[in-house]
Amino acid sequence: MTQATPLNRPAGHLLVEALIAQGIDTVFGVPGESFLAVLDGFHEHRDRIRFVACRQEGGAAFMAEAQGKLTGRPGICFVTRGPGATNASIGLHTAFQDSTPMVLFIGQVASDQRDREAFQELDYRQVFGPGTLGFAKWVGEVHDAHRLPEYVARAFHTAMQGRPGPVVLVLPEDMLTHLTTAPVLPRAEPATAWPAPGALRDVRRLLLASQRPFVIAGGSGWDGPACMALERFAENWQLPVGCAFRFQDVFDNRHPNYAGDVGIGINPRLAERVRAADLILAVGPRLGEMTTGGYTLLKAPRPDQKLIHVHAGPEELGRVYAADLMLQASMQNAAKALETLAAPVTLPWADWTAAAHADYETNHATHAVEPLDMAVVMKTVQRLAPADTVYTNGAGNYSGWLHRFVRYHGLQHHGRTQLAPTAGAMGYGVPAAVAAALLYPERTVVNIAGDGDFLMTGQELATATGYGARRLVCIVVDNGTYGTIRMHQEREYPGRVSGSDLFNPDFAALARAFGWRADTVDTTAAFEPAFAAALSSGQPTLLHLRLDADVSTSRTTLTAIRQAARTRQAE
């Protein structure tokens, strides 16, 4: 049967149809006059796709980045030109460093006004130009309405293939109003790469030659079957597995082969184990600064350990580390291929793996802290929250308690359960939580935010209220300071505090003004009933935790850091 020619409609409507064809049913953004035709397209197709209007473009871009992490397909964000685009750049940068598929659509001045520095005009190829140190994998500008489906399809392919990442599509205002009968293109699926058989034989040879192997898993591109295949590979070969910085849900933290997270605030015993390994099998991570402890756990460019690096993007292989073996492969295919490697009957490192997991378990033991013990808080959260809860956070010392004490389930069990920025962007957690709550209303979402972190994007509580988020709990850890910066100040310039003090509102009262439930918690004993009530309330709830500023991290205090710095200076 001959396919009917689409009706003549504005390109803005065609763009919405193209997104629907790509399987998108929710987009995030802040409306602007530069893409009114697209907004009208969302109204035209409101029964199949929704536009979630956010309160600031940074929050909208964070929501789209979280959407990309949760779904594995590009998260979608719309912003207007100039200020809108530059506000959104924080989410774009996060998507780039986190290797998250995302498409940022930017309204642009009309074509006949280009290159005059018209109102809010920018050249986005210059601003977000592609490159391994840039903001986007590709920046395109659509001048012909009839070619719009081609650009959208290319954006989706580019965002998902190889090392996933963000793409920018620029939309001149006049182009969006042009009428076109162009048809949409089919749903884009990423091309994937398999490791070569010869390379797999080399992996096996290097494993058999080692005595203390260690797997670091992470990066993007994982799904449930791939994580299950990685788990079976680890079991077959009795390998200890650590997860790269803020990719802790790639491997089930409850598994006896799990060794902990290799990132900021790493368990000191795990750090020593990574250094002592004679073979590192890195499956998926870029091996950036945070995962490598500032390029000290694995010395750059040539590690002391043998290194097998598996990554989907060829540009990442050999860019920093001179690995002994490099395999370009998509994570789904790499894990399935590794699973097929036949292991010998006996392996010499069984005790090494058992000890690695024992160190992880020991790392959960703490000394009591009064009056509010964040370790107990995190363990209570996990004990009471459903197994498929999505945890989100931004950046700050407070996140160390979440990373250390929550045992993330592997993707194969409940899908993604951790949304956190490897780019270290403050303000990520609240928008990510709102996105998760709107995309998966049947799941509970728990956001942990510092006081400085929360107020960067806390206005998105209004978005959650307006669009009906329900199973959402935001825990604000308020210690009256930019905790990470204060920690660094005390370490480098003990007792000389400048610029890191915060002057906070009553966070519970603020949340109520947004239509949320709220409670204030000052003691460990008060937390469990407050959190249980939040889970059972059926309403978005904020819990304001007031913490002494001296409690700096999950391992130390500001007093201890200051004393150590003064002792060091006196020597």
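The values are calculated or read from the model by the stated rules, or taken from the named source; none is laboratory data. None of these values were measured; they are calculated from a predicted model. Glycine also receives a Cβ, built like all others from the backbone with ideal geometry; neighbour counts cover every protein chain displayed. What goes into the accessible areas is simple: the full protein's heavy atoms, side chains included, and nothing from ligands, DNA or RNA. Shrake-Rupley method; radii C 1.70, N 1.55, O 1.52, S 1.80 Å.
Being open to solvent by 50 Å² or more (accessible area, probe 1.4 Å) and either in a helix (DSSP H, G or I) or of a type in the set (A, V, I, L, M, F, W, C) (or both) is the filter here, so list the residues in segment 346-357 that pass it. Spell out how you get there, then give the answer.
Narrowing segment 346-357 to residues open to solvent by 50 Å² or more (accessible area, probe 1.4 Å): 346, 348, 351, 354.
Residues satisfying the conditions are D351, A354.
In the set A61, A37, A18, which member is out of contact with any His (no Cβ under 6 Å at 6 or more places or on another chain), among the aliphatic types (A, V, I, L, M) and open to solvent by 10 Å² or more (accessible area, probe 1.4 Å)? Break it down stepwise before answering.
Details: A61 fails: open to solvent by 10 Å² or more (accessible area, probe 1.4 Å); A18 fails: open to solvent by 10 Å² or more (accessible area, probe 1.4 Å).
The conditions single out A37.
For the subset of segment 85-110 comprising residues that are over 12 Å from the mean Cα position of the chain (by Cα) and not aliphatic (A, V, I, L, M), which member is nearest to P172 (Cα to Cα)?
Q108
Taking Y428 as the residue in question, decide whether it is open to solvent by 40 Å² or more (accessible area, probe 1.4 Å) and within 24 Å of E289 (Cβ to Cβ).
Values: open to solvent by 40 Å² or more (accessible area, probe 1.4 Å): no; within 24 Å of E289 (Cβ to Cβ): yes.
When the stated conditions are applied, Y428 does not pass them.
For A312, indicate whether it is open to solvent by less than 40 Å² (accessible area, probe 1.4 Å), in contact (Cβ under 8 Å) with a residue 60 or more places away in the chain, under 21 Å from W237 (Cα atoms) and not acidic (D, E). Lay out the reasoning, then the answer.
On the way: open to solvent by less than 40 Å² (accessible area, probe 1.4 Å): yes; in contact (Cβ under 8 Å) with a residue 60 or more places away in the chain: yes; under 21 Å from W237 (Cα atoms): no; not acidic (D, E): yes.
Spelling it out, it is not the case that A312 is open to solvent by less than 40 Å² (accessible area, probe 1.4 Å), in contact (Cβ under 8 Å) with a residue 60 or more places away in the chain, under 21 Å from W237 (Cα atoms) and not acidic (D, E).
Filter segment 2-38 down to residues that are modelled with pLDDT of 95 or more and in contact with a Pro (Cβ under 6 Å, 6 or more places away or on another chain) and give me whichever is farthest from M175 (Cα to Cα).
Here the answer is A18.
Taking E189, is it open to solvent by 10 Å² or more (accessible area, probe 1.4 Å), acidic (D, E) and assigned to a helix (DSSP H, G or I)?
no
Residue under question is R302, and the condition is that it be in contact (Cβ under 8 Å) with a residue 40 or more places away in the chain and over 26 Å from P164 (Cβ atoms); does it hold? Please lay out each step first, then the result.
Numbers: in contact (Cβ under 8 Å) with a residue 40 or more places away in the chain: no; over 26 Å from P164 (Cβ atoms): yes.
No, not satisfied.
Taking only pairs six or more apart or across chains, which ones have beta-carbon atoms under 6 Å, a first residue in segment 120-148 that is under 26 Å from L179 (Cβ atoms), and a second residue that is at pLDDT below 95 and β-branched (V, I, T)?
Matching pairs, first to second residue: E121/V109.
Inside segment 379-397, can you point out the residues that are surrounded by 18 or more Cβ atoms within 10 Å (Cβ to Cβ) and out of contact with any Ser or Thr (no Cβ under 9 Å at 6 or more places or on another chain)?
The one that is surrounded by 18 or more Cβ atoms within 10 Å (Cβ to Cβ) and out of contact with any Ser or Thr (no Cβ under 9 Å at 6 or more places or on another chain): T392.
D451 passes all but one of (1) in contact with a helix residue (DSSP H, G or I) (Cβ under 9 Å, 6 or more places away or on another chain); (2) open to solvent by 10 Å² or more (accessible area, probe 1.4 Å); which number fails?
(2)
Identify, by number, the condition in (1) under 18 Å from the mean Cα position of the chain (by Cα); (2) among the small types (G, A, S); (3) open to solvent by less than 10 Å² (accessible area, probe 1.4 Å) that G265 doesn't meet.
Of (1) under 18 Å from the mean Cα position of the chain (by Cα); (2) among the small types (G, A, S); (3) open to solvent by less than 10 Å² (accessible area, probe 1.4 Å), only one is false for G265: (3).
Filter segment 506-534 down to the residues that are open to solvent by less than 60 Å² (accessible area, probe 1.4 Å) and among the aliphatic types (A, V, I, L, M) and list them by number.
Across segment 506-534, the qualifying residues are A508, A509, L510, A511, A518, V521, A526, A530, A532, A533, A534.
Within segment 206-256, count every residue that is of a type in the set (S, T, N, Q), under 25 Å from the mean Cα position of the chain (by Cα) and open to solvent by 20 Å² or more (accessible area, probe 1.4 Å). Give the steps one after another, and end with the answer.
The first filter runs over segment 206-256 and keeps only residues of a type in the set (S, T, N, Q), leaving 210-211, 220, 236, 238, 248, 253.
Still in the list and also under 25 Å from the mean Cα position of the chain (by Cα): 220, 248, 253.
Then drop every residue that is not open to solvent by 20 Å² or more (accessible area, probe 1.4 Å), which leaves 220.
Qualifying residue count, segment 206-256: 1.
Can you tell me how many residues in segment 278-292 are more than 22 Å from T422 (Cβ to Cβ), open to solvent by less than 10 Å² (accessible area, probe 1.4 Å) and part of a loop (DSSP other than H, G, I, E, B)? Please lay out each step first, then the result.
The initial filter retains those residues of segment 278-292 that are more than 22 Å from T422 (Cβ to Cβ), namely 278-279.
The next check asks that each one be open to solvent by less than 10 Å² (accessible area, probe 1.4 Å); those that pass are 279.
Of the ones still in play, those that are also part of a loop (DSSP other than H, G, I, E, B) are none.
So the count comes out to 0.
I'd like to check which helices (runs of 4 or more DSSP H) are fully inside segment 461-544 and have at least 1 residues that are closer than 19 Å to T556 by Cα and either among the aliphatic types (A, V, I, L, M) or without any contact (Cβ under 8 Å) to a residue 12 or more places away in the chain (or both). It would help to see each step written out before you state the result.
Numbers: elements: 461-466, 483-492, 507-513, 524-537.
Per the criteria, 483-492.
In segment 268-277, what count of residues is obtained for those that are open to solvent by less than 10 Å² (accessible area, probe 1.4 Å) and either among the basic types (K, R) or closer than 16 Å to S210 by Cβ (or both)?
2
Tell me which residues, restricted to segment 361-378, are within 30 Å of A534 (Cβ to Cβ), out of contact with any helix residue (DSSP H, G or I) (no Cβ under 7 Å at 6 or more places or on another chain) and assigned to a helix (DSSP H, G or I).
The answer is E361, and nothing else.
In segment 302-319, what count of residues is obtained for those that are out of contact with any Lys or Arg (no Cβ under 8 Å at 6 or more places or on another chain), under 30 Å from A191 (Cα atoms) and in a loop (DSSP other than H, G, I, E, B)?
Number satisfying all stated conditions: 4.
Anything in segment 320-345 that is in a strand (DSSP E or B) and open to solvent by 50 Å² or more (accessible area, probe 1.4 Å)? List them, or say none. Spell out the reasoning first.
Here is the first cut: in segment 320-345, the residues in a strand (DSSP E or B) are 325-328.
Selection gives M326, Q328.
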